[in-house]
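*Asks:* After the structure tokens below, expect a handful of questions from me.
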Amino acid sequence: MSDPDRWLPGVRRLDPESLGAVYDALSPALFRYAFRLLGDGRTAEDVVAETFSRLLAAIRNGWGPQVYLGAYLYRIAHNLAIDHHRQVASLPLEEADLVAAPAVQDEDEHARRFARQALWRLTPDQRQVIVLKYYQGLSNDEVAAALDKPVGAVKSLQHRALDALRRMLNGPEGGMERVA
């Protein structure tokens, strides 16, 4: 049982000590997760805050996680990141460029932006598997819980995602077309 799952009974009772422990334990990882998907610190902070707000609302309404608290929070954060990505994508091109691109980019930032672009060209499930497994270090069981899929499906998504990323990165001119 992971630490967040150990605190789940207290979280479900809205115990301030348990909620604080979960926030302290998971908010840095959720921030890194959102930042990797979005590339913007302020937006990642907003995603983390809204993730915990939605957890509290769900519990107050009698819902929320019964197991795998961490996976539940990652799922919320992922959905919020997708919503933000869709909002930026729906802006006129000039506005989207201002929101998505920092004013100055070094080589590392360029590489991170290229990696984010490649991740966004995967299917949503493939993207979530890659980020949760390789960036966040979750186990196959935890990723399966976050996606609400069997472990075998997670392994298959991982294989297809890695193959798609390989083709994107090795294809003509970086291949940056959507590969499913």
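None of the figures in this text is laboratory data; all of them are computed from the coordinates on show. A quick note: this is a predicted structure, and the numbers were derived from the prediction, not measured. Reconstructed Cβ throughout: ideal geometry from the backbone, glycine too, with neighbour counts over all protein chains shown.
*Asks:* As a footprinting exposure proxy, order 11, 129 by other Cβ within 10 Å, with the fewest listed first.
*Replies:* Numbers: 11 22, 129 29.
By the 10 Å Cβ count, ascending, the order reads 11, 129.
*Asks:* Take the alpha-carbon centre of the range 128-171, take the same for the range 7-73, and report the distance between them in whole Å.
*Replies:* First find each Cα centre; the distance between them is then 22 Å.
*Asks:* Which net charge results for the neighbourhood of residue 157, defined as the other residues with beta-carbon distances under 10 angstrom from its beta-carbon, given Lys and Arg at +1 and Asp and Glu at -1?
*Replies:* Details: positive: 127, 133, 149, 155, 160; negative: 125.
Around residue 157, the charge tally is +4.
*Asks:* Within 11 Å, Cβ to Cβ, of residue 65, how many net charges do the neighbouring residues add up to if Lys/Arg are +1 and Asp/Glu are -1?
*Replies:* Working: positive: 12, 75; negative: 5.
Taking every other residue near residue 65 into account, the sum is +1.
*Asks:* If you don't mind, there's one more thing I want to ask. In whole Hz, with x marking every Gly and Pro, tabulate ³J(HN,Hα) for the range 44-49 from phi via Karplus 6.51 cos²θ - 1.76 cosθ + 1.60, θ = phi - 60°.
*Replies:* Here the 3J(HN,Hα) series is 4, 4, 4, 4, 4, 4 Hz.
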